[in-house]
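Everything below concerns the one structure shown next.
What follows draws every value from the coordinates through simple rules; no lab data is involved. Please read all numbers here as calculations on a predicted model, not as lab measurements. So basically every Cβ, Gly included, is an ideal-geometry build from the backbone, and we count neighbours across all protein chains shown.
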Amino acid sequence: MWEQLEKYRNQFLQYEIKDVMKPSSINCLQNTEWRTFMKERDLCKCFPQRCPPSSTYFEDRAQLAYGNLALPKLLKEMDSGVHLTHWRAIVSLSDFLLNPLNSQRAILEMDIIRK
């Protein structure tokens, strides 16, 4: 049974090399070639494993207070003399005002457009 399977596997090669090699030896050679090819192919796919760089998303933002205290805290930090605190407040304020409810409150209650 196994000999018949070996004959069917590489029938085109066996037809060309008729009485020179057995079907099992042809299959063995093909398997070794296939393994070497796959090893070379797998080496090409490998990427060096390294840790991804840390995100600076939270480093550039100020810590926000909850509810109605967030906007006054950001406005207070914008008046700070420390450049890093001032920068974080500006970046956080731009993200904070993307929410329409926060921007409406900033315009109506805090007069943020005039400042």
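Results, tabulated for the structure shown:
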quantity	calculated
Förster-model FRET efficiency, 35 Å R0, D79 and C51, C-beta, rounded to 0.05	0.35
Segment 22-115: projected area of the alpha-carbon convex hull, averaged over directions, in nm²	11.7
Karplus-derived HN-Hα couplings along segment 56-67 (A = 6.51, B = -1.76, C = 1.60, θ = phi - 60°), whole Hz, x at Gly and Pro	9, 4, 7, 6, 8, 10, 7, 6, 8, 7, 7, x
Peptides 28-34, 83-89, 57-63 ordered by average Cβ neighbours within 10 Å, highest first	83-89, 57-63, 28-34
Cβ-defined net charge surrounding T32, 14 Å radius [Lys, Arg +1; Asp, Glu -1]	0
Shape box of segment 49-88 [Cα atoms, principal axes, largest first, Å]	45, 25, 7
Estimated FRET transfer efficiency (E109, E59; beta-carbon r; R0 30 Å; 0.05)	0.50
